[in-house]
Amino acid sequence: MSDTTESLTNRYDGAAGKWRDKMRTLGYYDGYLGFLCEPGSRPGAHSRVIDVGAGTAAFSEAWVAVNGAPSELALMEPSQAMLNRGAEALRARGVEPRLLPAILGEVRYTPSHEVLAAHVIEHCPDPLLALQHLFGLTRGGGRLRLVVSKPHWCNAIIWLQWRHRTFGKAEIQSLVKEAGFDIESDYAFPSGPPSRTSYGLVARRPD
Ligand SMILES: C[S@@+](CC[C@H](N)C(=O)[O-])C[C@H]1O[C@@H](n2cnc3c(N)ncnc32)[C@H](O)[C@@H]1O
């Protein structure tokens, strides 16, 4: 792990205790529910799911609330404090997650039908490489459900704490396609902080 990633992980370790409540209070959990309920491709009954940069697993929790328990759910997350809380939240929903304490690209893992990645590639030094790693984690015919930060003054304030980057819509769509995915749909969060900070996209790995 580079010094930059290690320092970021230490900061996420420090934020872990309040992260799950924060995701709810600020409307991100509800935002993820809305995104996953959008009409379009539904996951199969026996999907294997991985949540990359899972944090306290808000996106996975929403996935389970909408779709039920998957056949396997893995959390990839470098902050052990975040990972512990994410595992606890999923166990409360009757799901025992596989825990992968790692950064994207650090470990190989069996490709999944559903790859969830919310607000993580904005921390990666090379976003195209990060998307290529996400492509490698997606089975042929499987889907990436991606949420990224978009340009907005709210993100300028958040940047002061997290030093993350943002993506214009055309830029992220072009990177996702360059990584090998076909874009199926995009999603504008309808209200609250997610509507100002974030943008969602569903992309399919061709068979
Ligand atoms: C902004 S938080 C988002 C957490 C969660 N996805 C959510 O929406 O609540 C970013 C998370 O990505 C993790 N992260 C940062 N860099 C990463 C990387 N290169 N690979 C995987 N996870 C990373 C951080 O530890 C942190 O928990």
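The values are calculated or read from the model by the stated rules, or taken from the named source; none is laboratory data. What you see is a predicted model, and the numbers here were worked out from it, not measured in a lab. Note that we place each Cβ from the backbone using ideal geometry, even for glycine, and neighbour counts take in every protein chain shown.
If the requirement is being within 14 Å of the ligand (Cβ to nearest atom), at pLDDT 95 or above and over 18 Å from residue 8 (Cβ atoms), which of these qualifies: 100, 90? Talk me through it step by step, then tell me what you get.
Working: 100 fails: over 18 Å from residue 8 (Cβ atoms).
Unique residue meeting the criteria: 90.
Only one of 68, 27 is more than 10 Å from the ligand (Cβ to nearest atom) and at pLDDT 95 or above; which? Outline the logic, then answer.
Numbers: 68 fails: at pLDDT 95 or above.
Answer to the check: 27.
Cβ-Cβ under 7 Å, sequence separation 6+ or interchain: first residue in the range 14-33 and over 21 Å from residue 67 (Cβ atoms), partner among the hydroxyl-bearing types (Ser, Thr, Tyr) and at pLDDT 95 or above. Which pairs?
From the range 14-33, the pairs are 16/56; 16/79; 19/56.
Within the range 31-63, which residues are in a loop (DSSP other than H, G, I, E, B), within 13 Å of the ligand (Cβ to nearest atom) and not hydroxyl-bearing (Ser, Thr, Tyr)? Break it down into steps so the answer makes sense when it comes.
Narrowing the range 31-63 to residues in a loop (DSSP other than H, G, I, E, B): 38-47, 53-57.
When the remaining residues are screened for being within 13 Å of the ligand (Cβ to nearest atom), the result is 53-57.
Correct list: 53, 54, 55, 57.
Filter the range 140-167 for residues that are out of contact with any Lys or Arg (no Cβ under 7 Å at 6 or more places or on another chain) and more than 23 Å from residue 33 (Cα to Cα) and give the result.
Scanning the range 140-167 gives 153, 156, 157, 159, 160, 161, 162, 163, 164, 165.
Take residue 170 and tell me if it is more than 13 Å from the ligand (Cβ to nearest atom), out of contact with any Leu (no Cβ under 9 Å at 6 or more places or on another chain), within 23 Å of residue 195 (Cβ to Cβ) and at pLDDT below 95. Walk me through it before giving the result.
Values: more than 13 Å from the ligand (Cβ to nearest atom): yes; out of contact with any Leu (no Cβ under 9 Å at 6 or more places or on another chain): yes; within 23 Å of residue 195 (Cβ to Cβ): yes; at pLDDT below 95: no.
In short, no.
For the range 116-136, which positions are of a type in the set (A, V, I, L, M, F, W, C), within 11 Å of the ligand (Cβ to nearest atom) and touching a strand residue (DSSP E or B) at 6+ places or on another chain (Cβ under 8 Å)?
Filtering the range 116-136 for residues of a type in the set (A, V, I, L, M, F, W, C) gives 116-118, 120-121, 124, 128-131, 134-135.
This time we only want the ones that are within 11 Å of the ligand (Cβ to nearest atom), so: 116-118, 120-121, 124, 129-130, 134.
Of everything in the range 116-136, those that are of a type in the set (A, V, I, L, M, F, W, C), within 11 Å of the ligand (Cβ to nearest atom) and touching a strand residue (DSSP E or B) at 6+ places or on another chain (Cβ under 8 Å) turn out to be 116, 117, 118, 120, 121, 134.
Quick one: which residue in 28, 12 is out of contact with any Pro (no Cβ under 7 Å at 6 or more places or on another chain), surrounded by 19 or more Cβ atoms within 10 Å (Cβ to Cβ) and hydroxyl-bearing (Ser, Thr, Tyr)? So that I can check it myself, show each step before the final result.
Details: 28 fails: out of contact with any Pro (no Cβ under 7 Å at 6 or more places or on another chain).
Only one candidate passes the filter, namely 12.
Return the residues of the range 73-132 that are under 18 Å from residue 21 (Cβ atoms) and in a strand (DSSP E or B); say none if nothing qualifies.
118
Just for the range 104-115: of the residues that are within 25 Å of residue 43 (Cα to Cα) and near the ligand (Cβ under 8 Å from one of its atoms), which one is farthest from the chain's Cα centre (by Cα)?
Restricting to residues being within 25 Å of residue 43 (Cα to Cα) and near the ligand (Cβ under 8 Å from one of its atoms), the top hit is 105.
Of all residues in the range 55-75, which are of a type outside the set (Asp, Glu) and free of Cβ contacts under 8 Å to residues at least 40 places away in the same chain? Walk me through how you get there before you give the answer.
We begin by selecting, within the range 55-75, every residue of a type outside the set (Asp, Glu); these are 55-60, 62-71, 73-75.
62, 64, 65, 66, 67, 68, 69, 71, 73, 74, 75, listed by residue number.
What are the pairs, 6+ residues apart or on separate chains, where a residue within the range 158-170 that is of a type in the set (Ser, Thr, Tyr) has its Cβ under 6 Å from a residue that is modelled with pLDDT under 85?
So the pair list comes out as 166/155.
For the range 138-161, enumerate the residues that are within 11 Å of the ligand (Cβ to nearest atom) and either in a loop (DSSP other than H, G, I, E, B) or surrounded by fewer than 16 Cβ atoms within 10 Å (Cβ to Cβ) (or both).
161
What single numbered condition from (1) aliphatic (A, V, I, L, M); (2) touching a residue at least 40 places away in the same chain (Cβ under 8 Å); (3) under 22 Å from residue 37 (Cβ atoms) fails to hold for residue 103?
(3)
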